[in-house]
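Each remark here refers to the structure printed beneath this line.
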């Protein structure tokens, strides 16, 4: 089944494309991929058109803004600079992109009961005594009725500490539902699906196609609307972010950078040539520049920063 972006995802991705194409680092292949993405869905085209109404239309790389001009624009005290700063700095978060793209694309952050910003963590105590640890860039809705306790996880990830209650406790996602009575587990959006790690007790997962599976403590599951895939997990890796740490063991560089994106105002792009490099270590989430430099010192990668809002990770020159 073909997957399409949600409206807010289209807005966020359109901003990332505009930042890249105006950065001076874009290639012809980048431009071709952008055109293909834009033509693939009318929502993509509409999101790009909204931004072009402010920045002007991009018809080829010859029309883009050179790197130095972009730098000067970002530093200049003007409305154009303010727009670019917001577009670059909060692209993945999408908080300001809702304002930039008018109200056509309702963002989960602005319409949710609770959310966290970039680099923000938050703990919520529910009325029943349960607790939710929210990771950065997370948005959710909370519904507590006489018969059901339900959390709608719209973006990001949480660790849920569920207190026993006569009412079932569910977490609903675009891929399916997680059911618990009394349990502790980590759930987050990942790679087009949902990553689940059960830390205590047991939960039940049912995806949108109706397939179900119980997951015991110490085990994990990745699922989308049609798949249920078992995962090996490390409890410390799953919870380290609550202490501001990123613990990884033999993870891909791409997955590490995806975690860091939640804690950085910059758009970070990873070259496919280094995306699958393996990473192990413990890194600070609250100091992304330090973490990137640490990775560069121990891996064959080069980091290029174009202002504070655009970062490229590529193979190091031999």
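With the Kirkwood sum run over all distinct C-alpha pairs, segment 192-263 has a hydrodynamic radius of 13.3 Å.
Fewest Cβ neighbours within 10 Å first, please rank 170, 27 accordingly.
On the way: 170 19, 27 10.
Arranged by neighbour count, lowest to highest, 170, 27 become 27, 170.
Once you have the alpha carbon radius of gyration of segment 244-315, what is it after dividing by 2.2 N^0.38 Å, with N set to its residue count?
Values: Rg = 10.9 Å, N = 72, 2.2 N^0.38 = 11.2 Å.
Working it through for segment 244-315, the quotient is 0.98.
Could you calculate the FRET efficiency of residue 236 with residue 39 from 1/(1 + (r/R0)^6), where r is the beta carbon distance between them and R0 is 51 Å, rounded to 0.05? Can you show the working numbers first?
Details: r = 45 Å, r/R0 = 0.87.
For residue 236 and residue 39, the calculated efficiency is 0.70.
Taking 0.36 nm per residue of separation and subtracting the Cα-Cα distance, full extension of the segment from residue 148 to residue 174 would add 7.5 nm. Shape descriptor for segment 114-238: Rg over Rh equals 0.93 (Cα atoms; Rh from the Kirkwood inverse mean 1/r).
We did not get these values from a lab; they are worked out from the coordinates using the rules stated. Please read these numbers as outputs of a predicted model, since none were measured by experiment. Every residue, glycine among them, receives a Cβ derived from its backbone with ideal geometry; neighbour counts consider all protein chains shown.
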